[in-house]
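Remarks on the structure that follows.
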Amino acid sequence: MFPGSETVPDAVVAAVKRVPDVLECHLMAGTADYLLKVVAQDTDDFARIHRQHLARLPGVAQMHSSFALRTVFKTTALPV
């Protein structure tokens with residue numbers, strides 16, 4: 001994750017909270033440490049967000065980005 005520093009994850013979370021384009025941040029199990037849901041107008045806007053904010057997050061060694069091409073299904077209803 002972040003070898004050699006217990007404070008880096010706290011610094012990442014604090015920095016992510018300051019990025020207005022980040023809608024969600026999830027601590028993950030598996031190969032990725034965090035999953036961020038980011039809103040952008042288009043790919044140029046995402047490039048700006050990446051350059052100005054995401055690439056500057058403390059302790060980040062690498063990032064992988066994926067884009068939704070189309071929303072097929074979305075709900076917030078819980079199956080109660």
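Read-outs throughout are calculated quantities, based only on the coordinates presented, and are distinct from any laboratory measurement. Keep in mind that this is a model prediction, so the values were computed, not measured. Note: ideal-geometry Cβ built from the backbone for every residue, glycine included; neighbour counts use all protein chains shown.
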Q.
Take F67 and D42, extend 7 Å from each Cα along the Cα→Cβ direction, and tell me the distance between the two endpoints in nm.
A. 1.0 nm
Q. When only Cα pairs under 8 Å and 6 or more residues apart are kept, what is the percent relative contact order across the chain?
A. 26 percent
Q | Cα-based helix-to-principal-axis angle, 43-52 vs the chain, degrees rounded to 10 | A | 20 degrees
Q: Could you pull out every residue, at least 5 positions away or on a different chain, whose amide H is within less than 5 Å of the one on Y34? Hs are placed 1.01 Å off N in the peptide plane, and Pro or chain starts have none.
A: M28
(Q) Taking 0.36 nm per residue of sequence separation and subtracting the Cα-Cα distance, how much length would be gained by fully extending the chain between K74 and Q52, in nm to one decimal? (A) 5.0 nm
Q.
Looking at the calculated P(r) for segment 15-80, what percent of the C-alpha pair distances fall above 18 Å?
A. 45 percent
